[in-house]
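A.B. asks: Have a look at the structure that comes next, please.
The values are calculated or read from the model by the stated rules, or taken from the named source; none is laboratory data. Because the structure is a prediction, the values reported are computed rather than measured. Cβ: placed from backbone, ideal geometry, glycine included. Neighbour counts: every protein chain shown. Protein only, heavy atoms only, side chains kept; ligands, DNA and RNA dropped before computing areas. Shrake-Rupley method; radii C 1.70, N 1.55, O 1.52, S 1.80 Å.
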Amino acid sequence: MRRPLRIFGVVVGLLALTIVGLGAWIVIARQDILQLVTAGTAKTVCSNVFMAGREVDAIVQTDLLALGYRIFHLVKVDVSPAEHRVDAALLGFIARRHAQYVEGRGCTNVMDDQSWKRPAAQPLPPRASADALWPAGEKVELSENTRLQAAVNDPALQGPGMRAIVVVQDGRIIAETYGEGFGATTPLHGWSMTKSVTAALVGMAIKDGKLSLEQKHLFPQWAGDGRAEISIADLMAMTAGLKWSEAEGRVTDPGRMEFLVRDTAAFARGLPLDTPPGTRFNYSGAQTVLLTRLWQDAVGEGAPSYPRERLFNPLGMTSAVLEADETGTFRGEGFLFATARDWARYGEFLRLGGEWNGQQLLPVGFVDYMRSPSPVSDEGHGPAYGRGQIWLAKGLGYDLPADTFMMEGHLRQVIAIIPSRKLVILRMGMTREDIGFSNARLLRAIVAATR
């Protein structure tokens, strides 16, 4: 009898050691991955609950589990409406992270409650008039073009996870449709389309005489090394030469910067030089974060209200909220939320060359500069990227009018701007990049239908 008991004890002991070892490996060796999962969950749920008014279960199903990572099944989410707070932890206690909502400021991943300086609330302005025609108001008169309406309502062209399609021609919305659970008043996450908005904020600081494209020696921490030669123009064109990878590593550089550090600008500023400035294109959210920090420093005390006062309010983007990190640096690389119609207002603003209601908000010619090709971004079809946080359809191989330039974001967000056709085409959604769907067919169909 003693021997079976002894064997049973050994088995139980080995099992316990295995569990402890596995737990230690999860908590220590993979802590960064777990923190990325829980921080991303808290932030995603927070923004969509408190800004978009969506239900937690729907967010988990369509924004997290839809990404295809089974680990999200193990994350427990707690939402506190009274505290405007969302907590997330693996199995309810591992790698706990939380995000905090502030009115008009959106949600922030907070790692250190003691040092976080909660920003003052910034209530959103009243919505545009329901009776005035868009873009002055929210009234829309759709085109009777049956070919166009068929294109925007074709599920095969819309793609899985479509949340909004809006077509603007000659300053009027002529077609729009929304995915289930979404509508004209739902703020949507633009991801990297936000980069193009950051470019406009840089342009406004330039117009104010606070920055210049040729400016170098941008940060004291770069004195004495090759990074001192990086210019604002280099950052704008993604040619600064800083070491960065969008996809490599157990935790990617974007994941680490966006969810695992308190100070995104310090992280970006600390990247080493990989190639001489201006010689190589390397798409990098870090460069946009640095641009954000630069325009904020240049503007000074008025920086927290600058996006709303100088850009969103003049354009009537009443829903727009640009979120910030824990130190107050705006998340200009990818965290602007706005309704599809407000995103379309920004696209129309670029089509008009930075002018709105007869007022030139950007320097004359600045949008032309933004969409002028950056020669070192050639990927086989000609330059794919402009000099100002803008993609070029021709360089990407899109069969669209030659002057088409685009704002693109993670999960197949796109705003295509075609000045020669007076067209702005928006498609937003939650569509994984690895399933082979492209927005190109939708864009081509809409262009063909509006000839």
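A.B. asks: Taking the condition of being without any contact (Cβ under 8 Å) to a residue 60 or more places away in the chain and β-branched (V, I, T), how many residues in the stretch 285-309 meet it?
C.D. replies: 1
A.B. asks: Restricting attention to the stretch 173-198, which residues are part of a strand (DSSP E or B) and either surrounded by fewer than 24 Cβ atoms within 10 Å (Cβ to Cβ) or among the acidic types (D, E) (or both)?
C.D. replies: I174, A175, E176, T177, Y178
A.B. asks: So which residues in the stretch 276-297 are surrounded by fewer than 19 Cβ atoms within 10 Å (Cβ to Cβ) and out of contact with any Ser or Thr (no Cβ under 9 Å at 6 or more places or on another chain), if there are any at all?
C.D. replies: Residues satisfying the conditions are P276, D297.
A.B. asks: What pairs come up if the first residue lies in the stretch 366-381 and is of a type outside the set (V, I, T), the second is modelled with pLDDT of 95 or more and open to solvent by 60 Å² or more (accessible area, probe 1.4 Å), and their beta carbons are under 6 Å apart, counting only those six or more places apart or on different chains?
C.D. replies: Listed by first residue and then by second, the contacts come to Y369/R387; S372/R387; S374/R387.
A.B. asks: From A88, A99, A132, grab the single residue that is closer than 20 Å to F312 by Cα, among the hydrophobic types (A, V, I, L, M, F, W, C) and at pLDDT 95 or above.
C.D. replies: So the residue among A88, A99, A132 that is closer than 20 Å to F312 by Cα, among the hydrophobic types (A, V, I, L, M, F, W, C) and at pLDDT 95 or above is A132.
A.B. asks: Yes or no: the stretch 233-242 includes at least one residue that is polar (S, T, N, Q), outside any loop (DSSP other than H, G, I, E, B) and surrounded by 22 or more Cβ atoms within 10 Å (Cβ to Cβ).
C.D. replies: no
A.B. asks: So, one more: So which residues in the stretch 43-73 are surrounded by fewer than 16 Cβ atoms within 10 Å (Cβ to Cβ) and closer than 13 Å to F182 by Cα, if there are any at all?
C.D. replies: Within the stretch 43-73, G53, E55, A58 qualify.
A.B. asks: While we're on this one: Of all residues in the stretch 50-69, which are part of a helix (DSSP H, G or I) and in contact (Cβ under 8 Å) with a residue 40 or more places away in the chain?
C.D. replies: F50, A58, T62, D63, A66, L67
A.B. asks: Let me ask something else about it. From the list L443, L411, pick out the single residue that is open to solvent by less than 10 Å² (accessible area, probe 1.4 Å), closer than 17 Å to D154 by Cβ and among the hydrophobic types (A, V, I, L, M, F, W, C).
C.D. replies: Residue meeting the stated conditions: L443.
A.B. asks: Evaluate the stretch 167-174: report whether one residue or more is touching a Ser or Thr at 6+ places or on another chain (Cβ under 6 Å) and either at pLDDT below 95 or among the β-branched types (V, I, T) (or both).
C.D. replies: Scanning the stretch 167-174, I find at least one residue that is touching a Ser or Thr at 6+ places or on another chain (Cβ under 6 Å) and either at pLDDT below 95 or among the β-branched types (V, I, T) (or both), so the answer is yes.
A.B. asks: Report the residue count in the stretch 291-327 for those that are touching a strand residue (DSSP E or B) at 6+ places or on another chain (Cβ under 6 Å), among the polar types (S, T, N, Q) and in a helix (DSSP H, G or I).
C.D. replies: The qualifying residues number 1.
A.B. asks: Still on this structure: For the stretch 345-364, give me each residue that is in contact (Cβ under 8 Å) with a residue 12 or more places away in the chain, of a type outside the set (A, V, I, L, M, F, W, C) and open to solvent by 10 Å² or more (accessible area, probe 1.4 Å).
C.D. replies: Answer for the stretch 345-364, where residues must be in contact (Cβ under 8 Å) with a residue 12 or more places away in the chain, of a type outside the set (A, V, I, L, M, F, W, C) and open to solvent by 10 Å² or more (accessible area, probe 1.4 Å): R351, G353, N357, Q359, P363.
A.B. asks: Name every residue in the stretch 245-264 that is assigned to a loop (DSSP other than H, G, I, E, B) and open to solvent by 20 Å² or more (accessible area, probe 1.4 Å), in order of residue number.
C.D. replies: Answer for the stretch 245-264, where residues must be assigned to a loop (DSSP other than H, G, I, E, B) and open to solvent by 20 Å² or more (accessible area, probe 1.4 Å): S245, E246, A247, E248, G249, R250, T252, L260, V261, R262, D263.
A.B. asks: Checking P375 against (1) crowded, with 22+ Cβ neighbours inside 10 Å; (2) more than 21 Å from the chain's Cα centre (by Cα), which test does it fail?
C.D. replies: So P375 meets the others, but not (1).
A.B. asks: Another one. For the stretch 414-440, which residues satisfy the criterion of being under 17 Å from L392 (Cα atoms), open to solvent by 10 Å² or more (accessible area, probe 1.4 Å) and of a type in the set (G, A, S)?
C.D. replies: S420, S438, A440, listed by residue number.
A.B. asks: Further question on the same structure: Select from the stretch 107-162 the residues that are among the charged types (D, E, K, R), more than 29 Å from W356 (Cα to Cα) and in contact (Cβ under 8 Å) with a residue 12 or more places away in the chain and write down the one among them that is most open to solvent (accessible area, probe 1.4 Å).
C.D. replies: Looking at the filtered set, the residue picked out is K117.
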